[in-house]
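The values are calculated or read from the model by the stated rules, or taken from the named source; none is laboratory data. As the structure is a computational prediction, the values presented were derived from the model and not from experiment. Here the Cβ positions follow ideal geometry from the backbone for every residue, glycine too, while neighbour counts run over all protein chains shown. All accessible areas refer to the heavy atoms of the entire protein, side chains included, with ligands and DNA or RNA removed. Shrake-Rupley method; radii C 1.70, N 1.55, O 1.52, S 1.80 Å.
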Amino acid sequence: MDHNAAPVLEALARYQAAGELPFSPPGHKQAKGADPRVRAVLGDAVFHGDVLASGGLDDRRTRGAVLVKAEQLMAEAVHAEHTFFSTCGSSLSVKAAMLAVAGPHEKLLVGRDAHKSVISGLLLSGIHPVWVEPQWDEQRLLAHAPSAAAFAAAFEKHPEARGALVTSPTPYGTCADLQAVAEICHRRGRPLIVDEAWGAHLPFHQDLPTWAMDAGADVCVTSIHKMGSGFEQGSVFHLQGDHIDPLMLAQRADLLGTTSPNVLLYAGLDGWRRQMVQHGHRLLSHALDLAAEVREQLEAMDGFHVNDRADFVGEGKAADLDPLPVVIDLDELPLNGYQAADWLREHRHLDVHISDHRRINTQLTHADDRYTTGRLLAALRELTERADELPKAPPVRLHAPSDLRMEQACLPRDAYFGTIEDVPVDRAEGRIAAEMITPYPPGIPTVLPGERLTRTVLEYLRSGVEAGMNLPDAAAPDLGTVRVLTDGRPPAVPGRPSS
């Protein structure tokens with residue numbers, strides 16, 4: 001196939017060159033109807049690229065196969081058999097993958113370090129999760145993806161499970177042993193879904209961790225906007241093998257996706273593929289060299305420790321590490337990650353990816369250069385010099401990450417749609433949660449609907465809020481109250497035994 005082509009971008013160019021006159025959505029009609037104040041900020045190019053996917057980018061019956069050709073090119077570029085574009089982010093893509101593997105009341109093995117979008121998929125679908133425990137780093141208070149042995153043990157206990165879902169890389173750059181997990185699934189004739197939202201770049205350089213398709217996964221979900229050059233919400237999911245019918249996967253995605261996709265997002269996905277095929281190795285080689293320099297210089301600064309392979313990879317930890325997420329441990333400084341992130345934004349106009357109770361993640365990509373990293377290093381150097389001037393943060397009460405695990409008293413869906421009430425947090429211990437409570441970023445829920453709340457978890461979250469943690473999906477983000485099942489039991493479902 002011709003990877004110099006970019007079918008979506010070329011179709012947009014033809015549309016504009018032909019002077020197409022739309023009597024159809026979008027109503028701004030190639031910027032003419034947009035507010036001049038909006039055009040002044042966004043520019044007209046955004047509106048010129050905003051056309052209907054069918055009846056605009058392509059004809060009304062999509063006979064030009066513009067999107068199909070772009071998806072075929074993406075599949076070949078990353079060694080997949082089928083690729084599907086999504087304009088609703090990997091949050092949609094992972095739900096579509098789940099629905100293609102399991103149905104209501106069927107079991108699916110899921111790593112408990114899954115993103116909240118996976119949990120949302122469970123709530124919508126009624127899939128019965130079988131939680132697979134992450135590998136807890138008690139020293140650094142961090143979770144790595146579950147081991148292959150943990151998935152094997154879960155299959156032994158739940159042989160009827162329809163498949164497995166693992167997150168790799170994690171938002172901290174640590175990776176699961178995907179090849180081993182895929183082999184465990186395939187020995188049972190079951191598919192493996194990989195939420196590889198943070199791994200769009202992995203197929204394009206040999207010094208990066210092995211990506212999911214090359215490791216034998218059946219479905220892989222990737223956010224092009226996270227580590228690539230796509231727009232926010234631009235996502236792709238890839239398929240290979242014969243465990244999942246491509247048509248079924250496409251139909252499951254159609255259930256969830258919009259009928260009005262933003263063609264600008266398609267163009268971003270299409271252009272990213274061409275860029276990586278033509279220039280990806282060179283761009284990523286530069287990014288890896290830059291990351292190595294940044295890591296070395298940060299490690300030399302007082303108070304900083306940059307987590308590397310020695311910290312994150314090995315027995316009982318991750319199987320591999322992506323070095324582009326530069327994860328900085330602040331444990332030796334008198335401040336936490338929330339304070340560091342706020343100071344960097346307020347005083348140096350720098351935004352970090354993740355901030356938690358002791359770390360920040362300063363993510364690098366192929367777009368960085370010595371100007372951007374120079375600003376980063378200068379700002380972090382000043383932060384260490386001024387750390388003592390910041391008010392002392394309240395401690396986050398977390399002694400061991402494994403203390404955060406709770407009993408799953410009923411299915412997440414049953415609890416979420418049950419009869420609920422909001423109770424003061426100091427009276428919530430022992431009650432069954434009816435909501436997700438998620439520190440964000442990175443978006444991995446601490447509390448799931450259906451879990452029986454413990455004092456340890458509640459104290460961790462309350463102390464986290466006091467220290468600067470963000471809980472955007474909680475009914476009460478300050479955690480003054482918690483949403484729980486009213487009588488402690490899930491609702492009865494006619495014709496089905498209670499959970």
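Things to note:
- If only residues of the range 185-237 that are open to solvent by less than 20 Å² (accessible area, probe 1.4 Å) and among the β-branched types (Val, Ile, Thr) are counted, the one that is farthest from GLY121 (Cα to Cα) is ILE224.
- In the range 399-410, the residues that are assigned to a loop (DSSP other than H, G, I, E, B), open to solvent by 20 Å² or more (accessible area, probe 1.4 Å) and not small (Gly, Ala, Ser): HIS399, ARG405, GLU407
- The single residue among ASP368, ASP351 that is loosely packed, with under 15 Cβ neighbours inside 10 Å, in contact with a helix residue (DSSP H, G or I) (Cβ under 7 Å, 6 or more places away or on another chain) and outside any helix (DSSP H, G or I) turns out to be ASP351.
- Top-ranked residue of the range 104-133 - restricted to ones that are open to solvent by 10 Å² or more (accessible area, probe 1.4 Å) and in a loop (DSSP other than H, G, I, E, B), ranked as farthest from ALA161 (Cα to Cα): HIS115
- Selection count, the range 134-167, where residues are more than 22 Å from THR222 (Cβ to Cβ), modelled with pLDDT under 95 and not polar (S, T, N, Q): 6
- For the range 11-20, the candidate set comprises residues that are touching a residue at least 12 places away in the same chain (Cβ under 8 Å) and open to solvent by 60 Å² or more (accessible area, probe 1.4 Å); within that set, the residue that is farthest from the chain's Cα centre (by Cα) is GLU20.
- Residues in the range 13-60 that are part of a helix (DSSP H, G or I) and of a type in the set (Phe, Trp, Tyr) were compared, and the one that is farthest from LEU265 (Cα to Cα) is TYR15.
- Only one of GLY241, GLY228 that is touching a residue at least 60 places away in the same chain (Cβ under 8 Å), over 22 Å from the mean Cα position of the chain (by Cα) and closer than 25 Å to VAL181 by Cβ: GLY241
- Selection status of ARG405, among the charged types (D, E, K, R) and over 22 Å from LEU141 (Cβ atoms): no
- Residue check, GLY271 open to solvent by 10 Å² or more (accessible area, probe 1.4 Å), more than 28 Å from ASP137 (Cα to Cα) and in contact with a Ser or Thr (Cβ under 9 Å, 6 or more places away or on another chain): yes
- Scanning the range 16-72 for residues that are farther than 19 Å from SER86 by Cα and among the acidic types (Asp, Glu) returns GLU20, ASP35, ASP44, ASP59.
- Qualifying residue in the range 402-419 (condition: in contact with a helix residue (DSSP H, G or I) (Cβ under 7 Å, 6 or more places away or on another chain), acidic (Asp, Glu) and at pLDDT below 95): yes
- Among the residues listed as ALA53, ALA65, the single one being under 30 Å from ALA217 (Cβ atoms) and crowded, with 19+ Cβ neighbours inside 10 Å: ALA53
- Selected residue (criterion: nearest to ASP58 (Cα to Cα)) from residues of the range 21-41 that are open to solvent by 70 Å² or more (accessible area, probe 1.4 Å) and in contact with a helix residue (DSSP H, G or I) (Cβ under 9 Å, 6 or more places away or on another chain): LYS32
Let's see how each residue does on (1) touching a strand residue (DSSP E or B) at 6+ places or on another chain (Cβ under 9 Å); (2) modelled with pLDDT of 95 or more; (3) not aliphatic (A, V, I, L, M):
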site	(1), (2), (3)
GLN240	yes, yes, yes
ILE244	yes, yes, no
SER260	no, no, yes
ASP270	yes, yes, yes
GLU293	no, yes, yes
ASN307	yes, yes, yes
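- Residue count for the range 371-395, restricted to those that are out of contact with any Leu (no Cβ under 9 Å at 6 or more places or on another chain), among the hydrophobic types (A, V, I, L, M, F, W, C) and in a loop (DSSP other than H, G, I, E, B): 0
- A residue that is of a type in the set (D, E, K, R) and surrounded by 11 or more Cβ atoms within 10 Å (Cβ to Cβ) occurs nowhere in the range 1-9.
- For the range 246-268, the candidate set comprises residues that are farther than 19 Å from ARG14 by Cβ and outside any helix (DSSP H, G or I); within that set, the residue that is most open to solvent (accessible area, probe 1.4 Å) is THR259.
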